[in-house]
Amino acid sequence: MNASMAASVTQAAPRGAQGVQRHSVITLDGIKKTFSSPGADAIEVIEDISLDIKQEEFVSIVGPSGCGKSTMFNIIASLLEPSDGSITLRGSDPKCGARVGYMLQRDLLFPWRTIIDNVCLGLEIQGVRKARRYEMARDQLTRYGLADFADQYPNTLSGGMRQRVALIRTLITDPDLILLDEPFSALDYQTRLVLEEEIVSILKEHHKTVVLITHDIGEAIAMSDRVAVMTQRPTSVKKIYDVGLSRELGSCLKARSDARYQGFFDSIWDDLDIQIAGGES
Amino acid sequence: MSEAQLHTHVIRAGSVKENDEQLAGNTLLTDNLWRGAGLALVIILWQIGVNVGWINPFLMGSPVGIAGEAWRLIQSGQLLNDTIATVYATVVGFLAGSILGSICGLLLWFSRSVARIIDPFMVALNGLPKIALAPMIIIWFGSGMFSKIMLAFVATFVVALLSAYQGTHQIDRNLINLMRSLGASRREVFTKVVAPATLPWIISAFRLNIGFALIAEIGGEFISSDRGLGRMIFVAGNLFNLNVVWVGVIMLMIVAIVLYVIVSQVEKRLLPWEKGHK
Ligand SMILES: Nc1ncnc2c1ncn2[C@@H]1O[C@H](COP(=O)(O)OP(=O)(O)O)[C@@H](O)[C@H]1O
Ligand SMILES: [Mg+2]
């Protein structure tokens, strides 16, 4: 309880990335979630999350695995009802109007759809006419160097390319808020560094507001304006760091080699209080 | 594939497949040569055995005798008529049962409670050897082709239903969440995710059902019928005319193989995205 109070204090006066006062895109206020099913013990997953995210901010969430991060995303995307608390998305209820784009660790491309049809999925559901959505999709695919693969099936692409396609699919419907749930964790290290950089610049270019879940502390520091550290389950926000290295330096790689990087890393590592069994590092 | 290729991010689908196909073509040719040679050897040894007197042609038939009977049955047109009758009843029952069963299995996705209620009945029916229903079905529908169609239908319907229904349960929850986060209706989730994701399961049920439909149809013909390959085998068997039995059995094998090839071709058409996998 104390921890989450402290967090609320930190975020009571959000400094914003460049010190500019921007309006909130999403506000979580006292969100709680308990899973209860008949015949089983109720599992309290989220104790209390209050979080306020401003326009064009890039916020990362790090926390022990299984603490309830994905559950929080599902609540934001209104796939789950919170047990208590309220969500305000761009000043409205998330279910009416304001839209959330969702991208997960597994790219979730539909194997039976060609790349271009995958990209078009959201537009199709929104009822955009076929000619129009193909035009939009082709534009975006060309822009990210994937035009040659438009008519192929996803299983012919590498993991990195598939995640790029998934990102385009998320962006093309122009959502107000983008949720990324460990989108890089299935990729090899090099692809990851490249994609981090690419995604940050694409999202900035589109003026998107982003929340990223990651278990990679370095990734969180390299990409984010703010990093929220979560406690064990039942989870709450333990601490929020104002990082903003990549915005200041213009690149995630530069952020990784900045002097302040290690300082953030060490404090977040301490906050996470990870118990290491055996000699593994 | 080398590391270097992986790092270019693209598995060059085209070039890899060409190589594979060439290789596959070569092994296929040699494999088929060996198969042909093996089969010819068995037939020749069988005939020699009969000629020398080691094999009793009355109990086993003989290749020359089988060829003679085949020729006679082809010329009289009986083989063609019986084959058409059997294929017709099998295919109609198989298609009706598999298609309707798949549709029902898919639709069960919409109602968990209906699915839960009928589940034990489906499991019980699935475990039942459908041929046990043959006497009843023949009483109800007569000894003509319609009862054989019904038998093939019953034999394939439950398999298709259960397979499609199980397929709908294997769908990645995240795909459905993704659709919902994009604002899709339940009907859109069904047409854009559930149905295509279940298609491989449906096709594999079709594959199984070829065998089940044939078993039920032939079993029905054994019990009571006026034409068909099953009847031909049954009657010839009672008369100890082993050569005719062999003709019927060989013809049935050909029918089964042709049906398998057709289903495989349909599969390739319907599941173009699975090409790279297998
Ligand atoms: N539908 C559910 N019913 C019951 N428990 C659930 C459900 N979804 C998630 N949980 C539990 O909630 C906890 C948090 O899960 P999750 O949010 O996926 O964690 P993570 O922080 O790793 O993303 C896990 O212990 C999980 O077992
Ligand atoms: Mg998770």
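The values are calculated or read from the model by the stated rules, or taken from the named source; none is laboratory data. Please read all numbers here as calculations on a predicted model, not as lab measurements. Heads up, the Cβs are rebuilt from the backbone with ideal geometry, glycines too, and the neighbour counts pull from every protein chain shown. Heads up: the accessible areas ignore ligands, DNA and RNA and are worked out on the full protein's heavy atoms, side chains in. Shrake-Rupley method; radii C 1.70, N 1.55, O 1.52, S 1.80 Å.
The residues of region B:150-278 expose on average 47 square angstrom of accessible surface per residue, using a 1.4 Å probe on protein heavy atoms. Given a 10 angstrom Cα cut-off, can you work out which residue in B:Ala155, B:Ala164, B:Ala115 is the most mobile in a GNM of chain B? Of the options given, B:Ala115 has the highest mean-square fluctuation. Would you mind checking the tilt of helix A:130-143 against the longest principal axis of the Cα atoms of chain A, expressed as 0 to 90 degrees and rounded to 10? Helix A:130-143 sits at roughly 70 degrees to that axis.
Where Rh is the Kirkwood radius over the Cα pairs of region B:188-247, the temperature 10 °C and the viscosity 1.306 mPa s, what D in µm²/s does Stokes-Einstein return?
Numbers: Rh = 14.1 Å.
Taking Rh from Cα pairs, D becomes 113 µm²/s.
Over region A:109-174, Cα pairs under 8 Å with separation of 6+ residues give a relative contact order of 51 percent. Return the whole-Å distance between the Cα centroid of region A:66-82 and the Cα centroid of region A:198-241. Going from one Cα centre to the other spans 16 Å.
Inter-label distance, A:Gln232 to A:Glu198: 3.9 nm, where each label sits 7 Å from its Cα along the C-beta direction. Sorting B:Tyr260, A:Tyr241 on solvent-accessible area from highest to lowest, probe radius 1.4 Å, gives B:Tyr260, A:Tyr241. Translational diffusion coefficient, Stokes-Einstein: compute it for the protein assembly as shown using the Kirkwood radius over C-alpha pairs as Rh, at 25 °C and 0.890 mPa s, and state it as an integer in µm² s⁻¹. It diffuses with D of about 86 µm²/s by this estimate.
Relative to the first principal axis of the alpha-carbon coordinates of chain B, what is the inclination of helix B:195-223, with its axis defined by its Cα atoms, in degrees from 0 to 90 and to the nearest 10? Taking Cα atoms only, the helix is inclined about 20 degrees.
Over 23 Å, how big is the tail of the calculated P(r) for region B:142-237, in percent of all Cα pairs? Write down the numbers at each step before the final one.
Working: 2109 of 4560 pairs.
Value for region B:142-237: 46 percent of Cα pairs lie more than 23 Å apart.
Using a 1.4 Å probe and counting only protein heavy atoms, how much accessible surface gets buried when A and B come together, both sides summed, in Å² to the nearest 100? Numbers along the way, then the final one.
Values: alone 13340 and 16980 Å², together 27960 Å².
Buried: approximately 2400 Å² between B and A.
Between B:Leu128, B:Leu95, B:Leu108, the Gaussian network model of chain B with springs among Cα atoms under 10 angstrom shows the greatest mean-square fluctuation at B:Leu128. Both radii come from the Cα set of chain A: Rg as radius of gyration, Rh as Kirkwood radius; their ratio Rg/Rh reads 0.97.
Taking amide H positions as modeled 1.01 Å from N, with prolines and chain starts lacking one, the residues under 5 Å from A:Ser83 and 5 or more places away or on another chain are A:Lys32, A:Lys33, A:Thr34.
Ignoring ligands, DNA and RNA, what percent of the 1.4 Å accessible area of region B:200-263 is carbon and sulfur?
Numbers: 2270 of 2930 Å².
The value for region B:200-263 is 78 percent carbon and sulfur by accessible area.
Contact-buried residues of region A:135-162, at a threshold of 40 Å² lost accessible area versus the chain by itself: A:Tyr153, A:Asn155, A:Thr156, A:Ser158 (1.4 Å probe; DNA, RNA and ligands ignored).
Considering only protein heavy atoms, with the full assembly of protein chains and a 1.4 angstrom probe, order A:Thr27, B:Thr168 by accessible area, largest first. Working shown, then result.
Values: A:Thr27 40, B:Thr168 10 Å².
Putting A:Thr27, B:Thr168 in descending order of accessible area: A:Thr27, B:Thr168.
The figure for A:Cys67 is an accessible area of roughly 0 square angstrom, using a 1.4 Å probe on the protein chains alone.
Reported value for region B:58-277: 145 Å³ per residue, from the convex hull of its C-alpha atoms.
Would you mind getting the accessible area per residue of region A:141-239, heavy atoms of the protein chains only, 1.4 Å probe, in Å²? Spell out each step's value before the answer.
Details: 3130 Å² over 99 residues.
Dividing the accessible area of region A:141-239 by its residue count gives 32 Å².
Among the protein heavy atoms, those of B:Ile44 account for about 100 Å² of accessible surface (1.4 Å probe, every chain in place).
Calculate how steeply helix A:159-172 sits against the longest principal axis of the alpha-carbon atoms of chain A, using the helix alpha-carbon long axis, and give the answer as 0 to 90 degrees to the nearest 10. Once rounded, one gets 90 degrees. Net charge around A:Gly127, counting only other residues with Cβ within less than 15 Å of its Cβ (Lys, Arg = +1; Asp, Glu = -1)? So the surrounding residues net to +4.
Quick check for me: using +1 on Lys/Arg Cβ and -1 on Asp/Glu Cβ, what's the dipole size of region A:35-180 about its Cα centre, in debye to the nearest 20?
On the way: 16 positive and 19 negative charges, 168 e Å.
Roughly 800 debye for region A:35-180.
Taking amide H as placed 1.01 Å from N in the peptide plane, A:Ile213 has its amide H under 5 Å from the amide H of A:Ile61, A:Leu180, A:Asp181, A:Glu182, each at least 5 places away in sequence or on another chain. Compared with its chain on its own, region B:160-177 contains the following residues whose accessible area drops by 50 Å² or more in the full protein assembly (probe 1.4 Å; ligands, DNA and RNA excluded): B:Leu175.
Simple rule: put +1 on each Lys or Arg Cβ and -1 on each Asp or Glu Cβ in the protein assembly as shown, find the dipole, and look at A:Thr114, A:Ile49, B:Ala213; the Cα lying farthest toward the positive end is B:Ala213. Probe radius 1.4 Å, ligands and nucleic acids ignored: give me the carbon and sulfur share of the accessible area of chain A as a rounded percent. Carbon and sulfur: 50 percent of the exposed surface of chain A. If R0 is 45 Å, the Cβ-Cβ spacing of B:Ala132 and B:Thr27 corresponds to a FRET efficiency of close to 0.55.
Contact order normalised by length for chain A, with contacts defined as Cα pairs under 8 Å and 6 or more residues apart; what percent is it?
Working: 497 pairs, mean separation 70.9, N = 281.
25 percent.
The largest accessible area among B:Val249, A:Val25 belongs to the first residue in B:Val249, A:Val25, and the rest follow in falling order (1.4 Å probe, all chains).
Calculated translational diffusion coefficient of region A:109-174 (4 °C, 1.567 mPa s; Stokes-Einstein with Kirkwood radius over alpha-carbon pairs) equals 113 µm²/s. Looking only at A:Ser158, A:Ser60, A:Ser24, which one moves most when chain A is put into a Gaussian network model with springs between Cα atoms under 10 Å? Taking springs between Cα atoms under 10 Å, the residue moving most is A:Ser158. Adding -39500 (n - 2.57) for every DSSP H run of four residues or longer, then dividing by how many residues the protein assembly as shown holds, sets the calculated 222 nm ellipticity at -19000 deg cm²/dmol.
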